[in-house]
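The values are calculated or read from the model by the stated rules, or taken from the named source; none is laboratory data. Only a predicted model underlies this, so the values are computations on that prediction, with no experimental measurement involved. Positions of Cβ are generated from backbone atoms using ideal geometry, with glycine treated the same way; all protein chains shown enter the neighbour counts. Side chains are part of the model used for accessible areas, which takes the heavy atoms of the whole protein and leaves out ligands, DNA and RNA. Shrake-Rupley method; radii C 1.70, N 1.55, O 1.52, S 1.80 Å.
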Amino acid sequence: MVRLLGPQDRLLSTIEKQYPGVDVLVRGNHVTLSGDPVQVDAARTLVDELVQLVRSGADLGPVEVASSARILGSGSGSPAELLSQAILTSRGKSIRPKTLGQKNYVDAIDLNTIVFGIGPAGTGKTYLAMAKAVQALQRKEVDRIILSRPAIEAGERLGFLPGTLTDKIDPYLRPLYDALNEMMDPELVPKLLASGTVEVAPLAYMRGRTLNNSFVVLDEAQNTTPEQMKMFLTRLGFGSKMVVTGDITQVDLPAGASGLQLVTKVLGNIDDIHFARLTSDDVVRHSLVGQIVDAYTKYDAQKQLEKFERGEKSRPIGRKNRR
C-alpha cells in the first residue's frame, strides 16, 4: 500500500485528480471509491492496474499514474502489460518506459535498424536509447556502443576552453557519461571506455568510419547540419543499429537548416527506418515541464499564424498588364 499510494499519499491525490467525480478513502489495506458510477468504475480499473505494476516491481510516481489513466482512457490496452517490462535493472533500479509513447519508441528500436526519436525535453529520448544500447551490449547483440553529439553551445559562446582536446569536448559529452554511470557499474565504465567497447565522441569524429556490429546513438541531432546528418547515417555498417534523438524546437545552429528537420522529409518512406514522435504527454520530468512545452508550442503556432497572415496582407492582389 505504501508503494501504491506514495509518500504522504501523494499518488492518491493524483488518482483523485484524474477522476474529479470520485472520492478515494483508504483504511489499512482497503481502498474505497465513491461518487459518479462511471468514473468510479474507471478509477477502480486504474487502481487494479497500478497494483499489478507494483507487483511487477515498478516504482510508481505521478507520471506512471497519469500515463496509465491516459492509456486506459484511450483504450490502448493494459498499462500493467505495456509498462511493466524493464529494459535494464541497475543497482536495484529498473529502467522501463513510463508512457505509451515511450513504449512504442522502445519497441521501434527493437524492430528497426534506424530509429529517430523526436520530441520535447524530458521525454526520455536519449535515456531510453542508451538503456537499449547497454541492454544490447549485455546480451552480446553488438560488440560496442558508440555515443555521439554535435559540439554546439546552447545559445552561448563559451570561447576557447583550456586543456587537451579531450578536456575541450568533455563538457559537451558530459550528459552521456552521466547516463552511462547511472546504467552501468561506475567502476566498469572507465574500463569499457579504455578498451573501446564504449566510445563517446563528438560528431566531427565520425567522418570516414564504417560502424559494424555497433549500437550507435546520436544525441541533440537537431543541431546537425543536413550534410552532417547524411554523413552520420552513411556510417551504418553490418550488424549495427542507429538511434537519432533530438528536439526540432530547440535548434542552436547559428544559421541554416537543421539536419533533423530535413531528414524527416527525405527518409520518411524508407523501410526499416522509423520516426518515433514523442509529445508533452510523454514528459517524465516535473509535471510543469509538460505544461511549459505545451505553452511554447501554442505560442510558436500563434506566431507562425500571425507571420502567415502578415505575408498574405502584404502580397499584391494583381498587376495591370503593361504594353
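Quick one: Gln135 ticks every box in (1) open to solvent by 30 Å² or more (accessible area, probe 1.4 Å); (2) in a helix (DSSP H, G or I) bar one, so which box is it?
Answer for Gln135: the failing condition is (1).
So which pairs qualify, if the first residue must be in the range 86-104 and closer than 16 Å to Val284 by Cα, the second must be among the aromatic types (Phe, Trp, Tyr) and not in a strand (DSSP E or B), the Cβ gap must be under 6 Å, and the two must be at least 6 apart or on different chains?
none
When residues of the range 251-292 are filtered for being hydrophobic (A, V, I, L, M, F, W, C), in contact with a helix residue (DSSP H, G or I) (Cβ under 7 Å, 6 or more places away or on another chain) and closer than 30 Å to Ala69 by Cα, how many remain?
Filtering the range 251-292 down to residues hydrophobic (A, V, I, L, M, F, W, C) leaves 251, 253, 255, 257, 260, 262-263, 266-267, 270, 273, 275-276, 278, 283-284, 288-289, 292.
The next check asks that each one be in contact with a helix residue (DSSP H, G or I) (Cβ under 7 Å, 6 or more places away or on another chain); those that pass are 251, 253, 257, 260, 262-263, 275-276, 278, 283-284.
When the remaining residues are screened for being closer than 30 Å to Ala69 by Cα, the result is 275-276, 278, 283-284.
Of the residues in the range 251-292, 5 are hydrophobic (A, V, I, L, M, F, W, C), in contact with a helix residue (DSSP H, G or I) (Cβ under 7 Å, 6 or more places away or on another chain) and closer than 30 Å to Ala69 by Cα.
Answer with yes or no whether Leu12 is outside any loop (DSSP other than H, G, I, E, B), touching a residue at least 40 places away in the same chain (Cβ under 8 Å) and surrounded by 15 or more Cβ atoms within 10 Å (Cβ to Cβ).
no
Taking only the range 231-266 into account, find how many residues are touching a residue at least 60 places away in the same chain (Cβ under 8 Å) and not basic (Lys, Arg).
Of the range 231-266, the ones touching a residue at least 60 places away in the same chain (Cβ under 8 Å) are 232-233, 236, 239-250, 252-253, 260, 263-264.
From what's left, not basic (Lys, Arg): 232-233, 236, 239-240, 242-250, 252-253, 260, 263-264.
Residues meeting the conditions: 19.
Which ones in the range 264-283 are surrounded by 14 or more Cβ atoms within 10 Å (Cβ to Cβ) and under 17 Å from Ile109 (Cβ atoms)?
Across the range 264-283, the qualifying residues are Leu267, Ile273, His274, Phe275, Ala276, Arg277, Leu278, Asp282.
Within the range 13-56, can you find the residues that are over 27 Å from the mean Cα position of the chain (by Cα) and within 24 Å of Gln85 (Cα to Cα)?
Ala42, Ala43, Arg44, Thr45, Asp48
Quick one: Gly256 ticks every box in (1) at pLDDT 90 or above; (2) on the phi > 0 side of the Ramachandran plot; (3) open to solvent by 60 Å² or more (accessible area, probe 1.4 Å) bar one, so which box is it?
(1)
Which number in (1) touching a residue at least 24 places away in the same chain (Cβ under 8 Å); (2) closer than 22 Å to Pro97 by Cα marks the one condition that Ser68 misses?
If we test Ser68 against (1) touching a residue at least 24 places away in the same chain (Cβ under 8 Å); (2) closer than 22 Å to Pro97 by Cα, just (1) comes out false.
Kindly indicate whether Lys265 is assigned to a helix (DSSP H, G or I), modelled with pLDDT of 85 or more and over 20 Å from the mean Cα position of the chain (by Cα). Can you show your working first?
Working: assigned to a helix (DSSP H, G or I): yes; modelled with pLDDT of 85 or more: yes; over 20 Å from the mean Cα position of the chain (by Cα): yes.
Taking the combined requirement at face value, the residue satisfies it.
Could you check the range 24-41 and list, in sequence order, the residues that are closer than 21 Å to Leu72 by Cβ and not in a strand (DSSP E or B)? It would help to see each step written out before you state the result.
Within the range 24-41, the subset closer than 21 Å to Leu72 by Cβ is 24, 26, 31-41.
Once the filter is applied, which keeps residues that are closer than 21 Å to Leu72 by Cβ and not in a strand (DSSP E or B), the range 24-41 yields Asp36, Pro37, Val38, Gln39, Val40, Asp41.
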